[in-house]
1. Could you state, as a whole-number percent, how many of the C-alpha pairs of segment 10-50 are farther apart than 10 Å?
2. Which net charge results when you count Lys and Arg as +1 and Asp and Glu as -1 among the other residues whose beta-carbon is under 13 Å from that of LEU37?
3. What are the residues whose amide H is under 5 Å from the amide H of VAL15, where those residues sit 5 or more places off or on another chain and H is modelled from the backbone?
4. Assuming R0 = 25 Å, what is the FRET efficiency of TYR38 and ASP17, from their Cβ-Cβ distance, to the nearest 0.05?
Amino acid sequence: MTDRHVVVDHVLFVVSDLSASRRLYTAALAPLGIEELYVEPDCVAYGRHELDDFVICEGSSTPTATTEPS
């Protein structure tokens, strides 16, 4: 069994500039021991011990909820 020290767990961010975001998150997550696990044309997955818990994907955001004006 893998001993896990969970820092993030199943987080996905949609980004508009994958290249810039990849540079940012790769540098920011490295001191936490989180590294790139796999790269696809539109997504990069990060994690430890080959367990991907943090993913960035290029795209446009979609609102999850809307409110109607009263």
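1. Numbers: 581 of 820 pairs.
Roughly 71 percent, rounded to a whole number.
2. That works out to -4.
3. CYS57, GLU58, GLY59
4. 0.80
Throughout, read-outs are computed from the coordinates displayed, never taken from laboratory work. These numbers were taken from a predicted model, which means no experiment stands behind them. Every residue, glycine among them, receives a Cβ derived from its backbone with ideal geometry; neighbour counts consider all protein chains shown.
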